[in-house]
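What follows is a set of notes on a single structure, which appears directly below.
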Amino acid sequence: MKRPLFRLLLGTALIALLGSAAAQTVRVGLAEDPDVLDPDLGRTYVGRIVFASLCDKLFEITPDLEIFPQLASGYDVADDGLSVTIDVRPGVVFHDGTPLDAEAVKYNLERSKTLPGSNRSSELAQVESIDVVDDDTVRLNLSEPFAPLIALLADRSGMMISPAAAEELGEDFGRSPVCAGPFEFVERVAQDRIALERFDGYWDADAIAIDEVVFLPIPDTSVRLANLQAGDLQVIERAAPTDLGIIRDDPDLTLPSAASLGYQGITVNVANPEPRDDPMATDPRVREAFELAIDREVINDVVFGGEFIVGNQAVPPSSPWYVDAYPIAERDVERARELLREAGHDRVAFEMMVANNPQSVQIGEVVQALAAEAGFDVTVRATEFATALDLWEQGEYDTFQVGWSGRLDPDGNIHSFQTCDGNLNEHGVCDEETSRLLNEARVTSGFDDRYALYEAAAERYLPNRHVIYLYHQQLFFPHTAAMQGFEAYPDGIIRFQGVTLD
């Protein structure tokens, strides 16, 4: 008897869309509603999923994390590492017909660096200037060698938007984005749907068999799954691990999976917008006590059925970049209480903001129960995700259970959060030596030398615990058996190249 309820919860929009079910339409169930659809301003994981259909990048990755040219056709790094020449794929046009040429690439990279509020600016900090060599060639002049650059251009920093549309729409670009991906923007209804349709002028048109893609934010995991089973959705992201048994037993569903590049954790507001005067912000002993009060295995078992990977760093323990010298701490309630007493507290109260979806709320409740035994009174504040990001950015939070979808290079998981000028350093921590080490890792080549720098940086910021890393997701993308050719990627992005519907 659940199905009518699920349809009701999806609202009238989905009902209206059912009439076009005969078309090659894929409806995607997202866990949240994305924030602004501008690659330079976007912050959300679900936004990256939508961008993958709208906006091709200079470079792309395979499911095995190999990088290959997408809107680029090749590149060359100068012997001194101070410039990178990129060949632009000829014959590509944006959805509005604007040619994608070297001038367009220059416009995009300069916009990423200079647009007010750009979340890509620090990712391209080493790009000092951009020369148009000819119509199909750009040269990026660097202030110093920059090892993560190509990996960054395989993500939002490498997404190309139409310069003409960006100039015409200005601040409204994110409401009507124009890119060079396989699908073009049709409409968005906040908290309800984002509709795209196939772009006839797409440069790789033979790879696309789907006519339309509709993204539907459905925070409740049970509702997402039920709509998938009912055939009202074709694929969903972040299936609840507790539902995996049901999915695996359903002959009409397929369950591709990949280990995430990203992490989930609890960010502590230390000094955003200015130093805060509360125990969690001012005393690392209190934060250590809080970490010792938490049992990551319990969170994994209770919320995720043991399907995820516990962790205490920005990369998983299986990563070659993991710092072995800083292993996962075991839960120790007695030591946590001792630390609180040493810090002058019997109990410490604070608020933990979580996204308003069942899994995040459950994480908050488990943390709340565990921490209470050690002397913490945690109030869980469930908040709509885009609103929570705004509050995080403005510093209107004590702690925030939030994660990062992950990047190919460790720089992408660490630098923006841990350097003084990092554009995602919303906890307000600044340690000049950590910044120096992470900046040096950017300009250093060779795994051993870079690892030594990341290890030295981690030994400074990890004990400070302004981010308490908890776990790494195992990404599950259940889809209907009628959908063929779908592959799960470790970056968690949904791609439709090669996907067909029976």
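Quick look at the numbers
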{"read-out": "Pairs, first within 14 Å of residue 148 (Cβ to Cβ) in the range 411-428, second open to solvent by 10 Å² or more (accessible area, probe 1.4 Å) and among the β-branched types (Val, Ile, Thr), C-beta under 7 Å, six or more apart", "value": "413/315"}
{"read-out": "Helices (runs of 4 or more DSSP H) contained in the range 244-343 and holding at least 2 residues touching a residue at least 60 places away in the same chain (Cβ under 8 Å) and either open to solvent by 10 Å² or more (accessible area, probe 1.4 Å) or within 20 Å of residue 403 (Cα to Cα) (or both)", "value": "279-282, 284-293, 296-304"}
{"read-out": "Selection from the range 371-411 of residues that are open to solvent by 10 Å² or more (accessible area, probe 1.4 Å), of a type outside the set (A, V, I, L, M), in contact with an Asp or Glu (Cβ under 7 Å, 6 or more places away or on another chain) and farther than 26 Å from residue 283 by Cβ", "value": "385, 405, 407"}
{"read-out": "Condition check for residue 398: out of contact with any Cys (no Cβ under 7 Å at 6 or more places or on another chain) and in contact (Cβ under 8 Å) with a residue 60 or more places away in the chain", "value": "yes"}
{"read-out": "Any hit, the range 212-223, residues being more than 30 Å from residue 392 (Cβ to Cβ), at pLDDT 95 or above and open to solvent by 20 Å² or more (accessible area, probe 1.4 Å)", "value": "yes"}
{"read-out": "Residues located in the range 124-151, provided they are in contact (Cβ under 8 Å) with a residue 40 or more places away in the chain, surrounded by 20 or more Cβ atoms within 10 Å (Cβ to Cβ) and closer than 24 Å to residue 98 by Cβ", "value": "138, 140"}
{"read-out": "Within the range 124-135, tally of residues that are of a type in the set (D, E, K, R) and in a loop (DSSP other than H, G, I, E, B)", "value": "1"}
{"read-out": "Residues located in the range 111-140, provided they are charged (D, E, K, R) and more than 26 Å from residue 440 (Cβ to Cβ)", "value": "111, 131, 134, 135, 136"}
{"read-out": "Residue among 77, 28, 88 that is surrounded by fewer than 23 Cβ atoms within 10 Å (Cβ to Cβ), at pLDDT 90 or above and not small (Gly, Ala, Ser)", "value": "77"}
{"read-out": "Filter pass, residue 367 being assigned to a helix (DSSP H, G or I), closer than 29 Å to residue 387 by Cα, modelled with pLDDT of 95 or more and of a type in the set (Val, Ile, Thr)", "value": "yes"}
{"read-out": "Matching option when the condition is among the charged types (D, E, K, R), out of contact with any Ser or Thr (no Cβ under 6 Å at 6 or more places or on another chain) and closer than 26 Å to residue 456 by Cα, among 334, 297, 330, 338", "value": "330"}
{"read-out": "Subset of the range 422-453 (residues that are among the hydroxyl-bearing types (Ser, Thr, Tyr) and at pLDDT below 95)", "value": "444, 445"}
{"read-out": "Residue list for the range 471-502, restricted to those being assigned to a strand (DSSP E or B), among the hydrophobic types (A, V, I, L, M, F, W, C) and surrounded by fewer than 20 Cβ atoms within 10 Å (Cβ to Cβ)", "value": "483, 501"}
{"read-out": "Pairs with Cβ under 8 Å, 6+ apart, first in the range 183-211 and farther than 13 Å from residue 50 by Cα and without any contact (Cβ under 8 Å) to a residue 24 or more places away in the chain, second open to solvent by 40 Å² or more (accessible area, probe 1.4 Å) and outside any strand (DSSP E or B)", "value": "198/211"}
{"read-out": "Selection status of residue 169, out of contact with any strand residue (DSSP E or B) (no Cβ under 6 Å at 6 or more places or on another chain), of a type in the set (A, V, I, L, M, F, W, C) and without any contact (Cβ under 8 Å) to a residue 24 or more places away in the chain", "value": "yes"}
{"read-out": "Selection status of residue 202, under 26 Å from residue 368 (Cβ atoms) and of a type in the set (Phe, Trp, Tyr)", "value": "no"}
{"read-out": "Of residues in the range 224-242 being part of a helix (DSSP H, G or I) and at pLDDT 95 or above, the one nearest to residue 360 (Cα to Cα)", "value": "224"}
{"read-out": "Residues satisfying the stated conditions in the range 451-491, i.e. more than 18 Å from the chain's Cα centre (by Cα), of a type in the set (Phe, Trp, Tyr) and over 22 Å from residue 438 (Cα atoms)", "value": "486"}
{"read-out": "Which numbered condition residue 29 fails, given (1) within 26 Å of residue 91 (Cβ to Cβ); (2) in a strand (DSSP E or B)", "value": "(1)"}
{"read-out": "Of all residues in the range 189-211 being in contact with a helix residue (DSSP H, G or I) (Cβ under 7 Å, 6 or more places away or on another chain) and under 29 Å from residue 93 (Cβ atoms), the one that is surrounded by the fewest Cβ atoms within 10 Å (Cβ to Cβ)", "value": "189"}
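The values are calculated or read from the model by the stated rules, or taken from the named source; none is laboratory data. Bear in mind the structure is a predicted one, so any value in this text is a computation, not a measurement. So basically every Cβ, Gly included, is an ideal-geometry build from the backbone, and we count neighbours across all protein chains shown. When the accessible area is computed, the model is the full protein with side chains, heavy atoms only, and any ligands, DNA or RNA have been set aside. Shrake-Rupley method; radii C 1.70, N 1.55, O 1.52, S 1.80 Å.
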